[in-house]
Amino acid sequence: MRRIMAVAISIQAMTGIAWAQSAREVLDATAACMTKMGDVRAQFKATQFSGTTPQSEATGTMCISGRKFQMQTDELTTWYDGTTQWSMMNGSNEVNMATPDEEEQAALNPATLVGIYKKGYRYNLTRSTLRGRSTYVVHLSAKNRKAAFSDIFIDVDQTTYHPLCIRAKKDGDWTRLSILSFQNSLTLPASTFTFPASDYPNVEVIDLR
C-alpha cells in the first residue's frame, strides 16, 4: 500500500475553453481537477503486482486537499496534514507518526503522483477506452534512472478530465490504482487530515520523526 496507494486548452469540460490537444494539457487539466477545483473524495481499488502477477489488493476511500490526504481501507487508515503523517492499522492500539518524503507522499497520494510530470519525465498521449468511457492515456517515462518511478500511465476521462486509473512502475513491479468514483469541488474540514486523538483515547502515538 505504501507504493500505492493529474487547466489549459483542456478545461473545456470544466470551464468551457476547448479540447485538450497534448499530453501536457491533459495532465494540467487532470492536476487541476485534483488540486485546484476544491477538495476531492474518491473510491479506489489498489493492486500491487510482482512483475505482472497480482500480489495484493485493497479497496477504500481517499480524501484529498492539495498535498493533504486521508486514506481508509479495511486494514489501514492514514492521515496527512501536509507535514505530519499518522498511520494506524485498524483495530490496533497504536498509531505511527512520521514525516514522509516526496516519494512516500507520491506512493499514497495520487494528486502528488499525477503532478510528478512537472519534473524529470517525458510524456506522450494516446487514446483508448476504459470501463466504457473514452480516455486519454498519458505515458510518463523517467529521464533519470534514479527517479522514484520509471514509468507511469494515467487514464483520464476525455469529457471530465477525471483520473480513472494510475499505473506506476518501480523496480520492475507495478502498482495499479483504479479510481472507481471521483468527486471534486468539495470543501472538507481541516480535521479530515489529522489524527483524531480524542476519538482514540487508548491508542498510543509512536513518534517516528
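Please treat every number below as a calculation from the coordinates, not as lab data. Predicted model only: the values in this text are computed from it and were never measured. Cβ sites come from the backbone with ideal geometry, for glycine too, and all protein chains shown count toward neighbours.
Of note:
- For K36, the lysines whose Cα falls under 29 Å of its own Cα, not counting residues fewer than eight places away in the same chain, are K45, K68, K118, K119, K143, K169, K170.
- Here the mean projected area of the convex hull built on the C-alpha positions of segment 18-135 is 9.3 nm².
- Neighbourhood charge, 10 Å Cβ-Cβ cut-off, centred on N184 and excluding it, Lys, Arg +1 and Asp, Glu -1: +1
- Segment 52-67 - phi-based ³J(HN,Hα) in whole Hz, Karplus 6.51/-1.76/1.60, Gly and Pro as x: 10, 9, x, 10, 8, 8, 8, 10, x, 10, 10, 10, 9, 9, x, 7
- Farthest toward the positive end of the dipole of the chain, out of S87, L208, F49, is the Cα of F49, where the dipole comes from beta carbon charges about the Cα centre.
- Projected area averaged over orientations for segment 87-209, convex hull of C-alpha atoms, nm²: 10.0 nm²
- Charged-residue dipole, Cβ positions (Lys, Arg, Asp, Glu), the chain about Cα centre, Debye nearest 20: 960 debye
- Where N is the number of residues in the chain, Cα Rg divided by 2.2 N^0.38 Å: 1.02
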